[in-house]
1. Specify which of the listed residues (A:453, A:437) is assigned by TED's automatic domain parsing to the domain that holds residue A:409 and in a helix (DSSP H, G or I).
2. Restricting attention to region A:327-338, does a residue exist that is surrounded by 13 or more Cβ atoms within 10 Å (Cβ to Cβ), at the interface with chain B (Cβ under 10 Å from one of its Cβ atoms) and assigned to a helix (DSSP H, G or I)?
3. When the residues of region B:1-44 are narrowed to those that are assigned to a loop (DSSP other than H, G, I, E, B) and farther than 17 Å from residue B:114 by Cα, which ends up farthest from the other protein chains (Cβ to nearest Cβ)?
4. Going by the structure shown, is residue B:61 more than 25 Å from residue A:388 (Cα to Cα) and either away from every other protein chain (no Cβ under 14 Å) or assigned to a helix (DSSP H, G or I) (or both)?
5. Quick one: in region B:71-87, which of the residues that are in contact (Cβ under 8 Å) with a residue 24 or more places away in the chain and either assigned to a helix (DSSP H, G or I) or more than 16 Å from residue B:4 (Cβ to Cβ) (or both) is nearest to the other protein chains (Cβ to nearest Cβ)?
6. When the residues of region B:92-103 are filtered to those that are within 11 Å of another protein chain (Cβ to nearest Cβ) and in contact with a strand residue (DSSP E or B) (Cβ under 9 Å, 6 or more places away or on another chain), which remaining residue is surrounded by the fewest Cβ atoms within 10 Å (Cβ to Cβ)?
7. Applying the selection to region B:45-58, what residues are on the phi < 0 side of the Ramachandran plot and away from chain A (no Cβ under 14 Å)?
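The values are calculated or read from the model by the stated rules, or taken from the named source; none is laboratory data. Computed from a predicted structure; not experimentally measured. With ideal geometry, Cβ positions are generated from the backbone for all residues, glycine too; neighbour counts draw on all protein chains shown.
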């Protein structure tokens, strides 16, 4: 190369190889440039002031390229600067795309409302995301009547901000990791931290003049500037947020107003740019969609739970029906057998009685006939009780007015009570709730109690009262006879066993078996001076509890 | 004393009722079926019918309806092994209802009551 031979140039552009330190623009790590002239010229010499000096010298020497070379060098530098600028623009866009991709991935796959909220709010406030200082999420309620402050994220003051940024700086976490950390450690506390602001941010959606409602209606982000003097902004809202400028981002999904996001830079007061708004708008739709989807999923989950519970209840009901059908069958069989026995029994007893009338007192056969009459009568009594119980086994579960039931039973006994000169005082409580019972079974119990009372010596007065006690209706029947029924007086705590009681008076043990199936004891107590008290408690049927007393039925 | 028609498909019961009621001074005729009862009622005058509800292959309640329809002045006492029919409104057409028992006191008392009411 002739230039290298004839002239001592200031710049190293003419040397194939240079010594370290010869070019002051070659930095540490670029040592390779010492021996690669082409790269050195392109990367260093063309921008080197020494090279410009050398170009001037070329012009002085009258070199034919001396006038052209500076244009080429300038154009090269200019193009290089442009390329670098585009490169950094592309890098920043790539970062944004990566961030949005990561964000969308979470938003598209998650059905957990808390996870979505955590990701969205972290994305808005994290430096790696939109880098806003603070954000509030407001959500429309199920009925779309109110917009309610739901969650706030960010520092409340400068010290807290420094602490948060320090913590973030120490951990190089991805957006998802940051969101997960937030959900695990901060979500609950952030809700409480901004509780006062969130409460005041809530507005009725019907308030069309409010800037929030307007933003939702117009479906476009609003950047509020000069908030304290802006006629569009309620001064209370500006005072509450305490910032001059903030962004309102509507969240709309399929024409449904999901909510909105308020974001500001309350600590750094960095201006919110058009670019920030555009980015946030790109992000708002998937957030709105994800929130809508998660809340729908939550509702669906609730409905599935309700359906599962209804199914379980239905199954219980089916089992109960089967059980009741079996009981009804038992009742029918018992009834059929009992009736088959009754006719022969009455014929035996009846003829024995007829014979007894014709036989002399001294006849030795008389005691046999008396025995037949007595035993036949006892068997008839047992049969009557079995038949009465069998009849009560036919299912008739329904809601009943207990006062009507009890007074109805008393009415049927009225004639007999008058004959026996027993007076009745009925005092049923007014407006008692309905009870869910088997009418026949409970009516059997009251009939049995009245029969028992009428057979008790010394009774000339019966009192009946009903009242409400918690979830039960209580029915109390008192008499003034001499003693409580023997089988109860002797063994008040003995378990009911129908089989064991056969052959004795079945009535009261059967009553106990029936009442205990409603989950309450059947209590018979001797009164301190004279008489007996019979207490029955029957459950009130709860709303939606179709089981009612069925649970205890055996 | 009264002329009573006992309708029951059980021969022994007819016999028992016949003897017991005759002892009370009544004149008793018996029928084993609804058709026999209708025939007897058409031929003779009776003061009272004692009627079983479950006759062989027949319902005493149908006969009761027929009697009430054709002879509405004729008192009928239902005498049955089934106490549950008391709640059946079709038995309310009868003047009395007695559950069968070896002790015929209740039936006899009921007959007295119904006849006394009829004579008033």
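1. Numbers: A:437 fails: in a helix (DSSP H, G or I).
Of A:453, A:437, the one residue that is assigned by TED's automatic domain parsing to the domain that holds residue A:409 and in a helix (DSSP H, G or I) is A:453.
2. Taking region A:327-338 and keeping what is surrounded by 13 or more Cβ atoms within 10 Å (Cβ to Cβ), we get A:327-328, A:331-332, A:334-335, A:337-338.
Then keep just the ones that are at the interface with chain B (Cβ under 10 Å from one of its Cβ atoms); that gives A:335, A:338.
Now drop any that are not assigned to a helix (DSSP H, G or I), which leaves A:335, A:338.
Yes, because at least one residue in region A:327-338 is surrounded by 13 or more Cβ atoms within 10 Å (Cβ to Cβ), at the interface with chain B (Cβ under 10 Å from one of its Cβ atoms) and assigned to a helix (DSSP H, G or I).
3. Taking region B:1-44 first, the residues assigned to a loop (DSSP other than H, G, I, E, B) are B:1-2, B:8-10, B:24-26, B:32-33, B:44.
Filter once more, so that each one left must be farther than 17 Å from residue B:114 by Cα: B:8-10, B:32-33, B:44.
On the way: B:8: 9, B:9: 10, B:10: 6, B:32: 14, B:33: 16, B:44: 26 Å.
So, considering only residues that are assigned to a loop (DSSP other than H, G, I, E, B) and farther than 17 Å from residue B:114 by Cα, the one farthest from the other protein chains (Cβ to nearest Cβ) is B:44.
4. On the way: more than 25 Å from residue A:388 (Cα to Cα): no; either away from every other protein chain (no Cβ under 14 Å) or assigned to a helix (DSSP H, G or I) (or both): yes.
No.
5. Among them, the one singled out is B:81.
6. From region B:92-103, those within 11 Å of another protein chain (Cβ to nearest Cβ) are B:99-103; that's our starting set.
Keeping just the survivors that are in contact with a strand residue (DSSP E or B) (Cβ under 9 Å, 6 or more places away or on another chain) gives B:99-100.
Working: B:99: 20, B:100: 25.
In this case the residue turns out to be B:99.
7. Of all residues in region B:45-58, those on the phi < 0 side of the Ramachandran plot come to B:45-56, B:58.
Matches in region B:45-58: B:45, B:46, B:47, B:48, B:49, B:51, B:58.
One line per residue, one yes/no per condition, for (1) more than 25 Å from the chain's Cα centre (by Cα); (2) outside any helix (DSSP H, G or I):
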| position | (1), (2) |
| --- | --- |
| A:206 | yes, yes |
| A:217 | yes, no |
| A:228 | yes, no |
| A:232 | yes, yes |
| A:244 | yes, yes |
| A:249 | yes, yes |
| A:270 | yes, yes |
| A:287 | no, no |
| A:290 | no, no |
